[in-house]
Amino acid sequence: MKVAVVGATGMVGEVMLNILEERNFPFTELMLVASERSVGKEITFKNKTHKIIGLAEAVSKKPNIAFFSAGGATSLEWAPKFEAVGTTVIDNSSAYRMDASKKLIVPEINAGQLTKDDKIIANPNCSTTQMVMVLAPLHKKYKIKRIVVSTYQSITGTGVKAVKQLENELAGVKGEMAYPYPINKNVIPHCDVFEENGYTKEEMKLVRETQKILDDRSIAVTATAVRVPTQGGHSEAVNIEFENDFDLTEVRKLLSQTPGVVVQDNLDVNTYPMPIYANGKDDVFVGRIRRDESQPNTLNLWIVSDNLRKGAATNTIQIAEHLIKNNLV
Ligand SMILES: NC(=O)c1ccc[n+]([C@@H]2O[C@H](COP(=O)([O-])OP(=O)(O)OC[C@H]3O[C@@H](n4cnc5c(N)ncnc54)[C@H](OP(=O)(O)O)[C@@H]3O)[C@@H](O)[C@H]2O)c1
């Protein structure tokens with residue numbers, strides 16, 4: 001099993017390497033790939049020094065699996081070149097997510113769709129993954145009609161440049177800006193670029209990717225995505241209207257039995273999910289579970305998860321583990 005990590009020097013790439021080590025992911029050769037700027041630099045993994053290589057060299061080595069997290073343009077140009085030499089690409093960018101010929105996978109929900117023929121597999125957007133992890137079992141049981149979601153997204157979701165911007169602001173140093181405004185002591189209602197309809201691309205990912213993963217285009221979704229100066233993970237206030245009524249005790253039980261989801265909801269001792277505690281964990285945390293008293297069959301939830309883990313690297317590696325376990329690669 002030869003494995004390539006494309007974008008190994010980035011925020012997601014670094015977490016990917018940690019998780020490969022933690023989970024003892026089986027491989028015989030590891031290729032660390034980044035842009036030409038980084039070629040030749042060294043990264044230590046499991047006490048072994050690896051030199052960063054370029055994309056062309058990685059293709060020539062024909063890895064069995066390539067984990068891509070190097071931006072959409074890199075994926076669009078290079079994933080097909082890896083595919084052509086027989087590599088299975090699992091892509092973290094938005095390049096292939098809404099491509100009808102590509103599958104968009106959260107293993108706990110829809111890994112069963114994967115076959116040997118899937119050579120480019122898309123990993124969902126971080127804010128969508130954590131939301132559908134909680135919503136999938138509820139949709140199955142009560143059928144979702146409409147979702148209203150507001151996100152509070154970590155700066156780590158923007159990559160190394162954004163973390164540097166906050167560090168610079170905290171140190172009072174002028175530097176390169178990842179955002180159009182200061183992020184320290186601020187919230188910015190603008191994640192990714194604006195689309196023609198006035199929503200951001202991040203907001204529309206929550207709409208389109210949710211419908212694709214839950215395999216139900218009838219689910220109405222409306223989103224507001226906001227950047228906040230936190231680092232441990234993304235948080236989301238989610239309002240869900242169901243076709244059928246629910247029982248709150250049953251909702252809590254259902255969620256606490258869902259693999260990968262942890263219920264943190266005890267108001268007596270102020271227990272609810274928060275990003276500083278989700279940081280570094282693979283689970284999706286849910287709390288503030290309560291009925292929306294303003295209309296029937298409607299639930300309010302607060303969902304938090306480490307965007308670099310379940311929102312990106314962990315989910316990608318879980319897809320690869322599923323492929324290996326089922327002889328699909
Ligand atoms: N951060 C998140 O929470 C998150 C979640 C889900 C998905 N994603 C997606 O994952 C991708 C990476 O995000 P990130 O946050 O890790 O970004 P990042 O910290 O900015 O890292 C980008 C990585 O891509 C590499 N890269 C950039 N241009 C390249 C090129 N032309 N050829 C080869 N490698 C290139 C960089 O290499 P150099 O160091 O050499 O520049 C670096 O390793 C993006 O597509 C993003 O949308 C991110």
Original post:
Has segment 199-212 got at least one residue that is assigned by the TED database to the domain that holds Val148, part of a loop (DSSP other than H, G, I, E, B) and out of contact with any strand residue (DSSP E or B) (no Cβ under 9 Å at 6 or more places or on another chain)?
Top reply: no
**OP:** Scan segment 76-132 residue by residue and report those that are part of a loop (DSSP other than H, G, I, E, B), of a type in the set (S, T, N, Q) and closer than 30 Å to Thr222 by Cβ.
**Re:** Asn92, Ser93, Ser94, Ser101, Asn123, Asn125
**OP:** Spot the failing condition for Val148; the list is (1) hydrophobic (A, V, I, L, M, F, W, C); (2) in contact with a strand residue (DSSP E or B) (Cβ under 7 Å, 6 or more places away or on another chain); (3) in a helix (DSSP H, G or I), and only one is missed.
**Re:** (3)
Subject >> Subset of segment 151-173 [buried (at least 19 other Cβ atoms within 10 Å of the Cβ) and more than 7 Å from the ligand (Cβ to nearest atom)] >> reply: Thr151, Tyr152, Gln153, Ser154, Ile155, Ala162, Gln165, Leu166
Original post:
What number of residues in segment 169-187 are free of Cβ contacts under 8 Å to residues at least 40 places away in the same chain and either in a helix (DSSP H, G or I) or not aromatic (Phe, Trp, Tyr) (or both)?
Top reply: 12
**OP:** Give segment 76-132 a look and list any residue that's more than 15 Å from the ligand (Cβ to nearest atom) and touching a Ser or Thr at 6+ places or on another chain (Cβ under 6 Å), or say none.
**Re:** Lys119
**OP:** Can you give me the ranges of the strands (runs of 3 or more DSSP E) entirely in segment 16-71 with at least 3 residues that are closer than 21 Å to Ala313 by Cα, touching a residue at least 60 places away in the same chain (Cβ under 8 Å) and not basic (Lys, Arg)?
**Re:** 65-68
**OP:** Scan segment 156-168 and report the pairs whose first residue is in a helix (DSSP H, G or I) and whose second residue is buried (at least 16 other Cβ atoms within 10 Å of the Cβ) and at pLDDT below 95, with Cβ atoms within less than 6 Å and a gap of 6+ or a chain change.
**Re:** Thr156/Met11; Thr156/Gln231; Val160/Met11
Subject >> Subset of segment 174-193 [aromatic (Phe, Trp, Tyr) and either surrounded by 12 or more Cβ atoms within 10 Å (Cβ to Cβ) or within 14 Å of the ligand (Cβ to nearest atom) (or both)] >> reply: Tyr179
Original post:
Is it true that some residue in segment 158-179 is out of contact with any Cys (no Cβ under 6 Å at 6 or more places or on another chain) and closer than 24 Å to Met133 by Cα?
Top reply: yes
**OP:** Check Thr129, Thr49, Thr115, Thr88 and return the single one that is over 22 Å from Ile324 (Cβ atoms) and among the β-branched types (Val, Ile, Thr).
**Re:** Thr49
**OP:** Determine, yes or no, whether Lys140 is exposed (fewer than 15 other Cβ atoms within 10 Å of the Cβ), assigned by the TED database to the domain that holds Gly260 and either out of contact with any Lys or Arg (no Cβ under 7 Å at 6 or more places or on another chain) or part of a helix (DSSP H, G or I) (or both).
**Re:** yes
Subject >> Every residue from segment 7-56 that is more than 10 Å from the ligand (Cβ to nearest atom), in contact with a helix residue (DSSP H, G or I) (Cβ under 9 Å, 6 or more places away or on another chain) and farther than 24 Å from Val85 by Cα >> reply: Asn18, Ile19, Arg23, Ile43, Phe45, Lys46
Original post:
Can you tell me how many residues in segment 69-84 are touching a helix residue (DSSP H, G or I) at 6+ places or on another chain (Cβ under 7 Å) and closer than 24 Å to Val193 by Cβ?
Top reply: 2
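The values are calculated or read from the model by the stated rules, or taken from the named source; none is laboratory data. Computed from a predicted structure; not experimentally measured. So basically every Cβ, Gly included, is an ideal-geometry build from the backbone, and we count neighbours across all protein chains shown.
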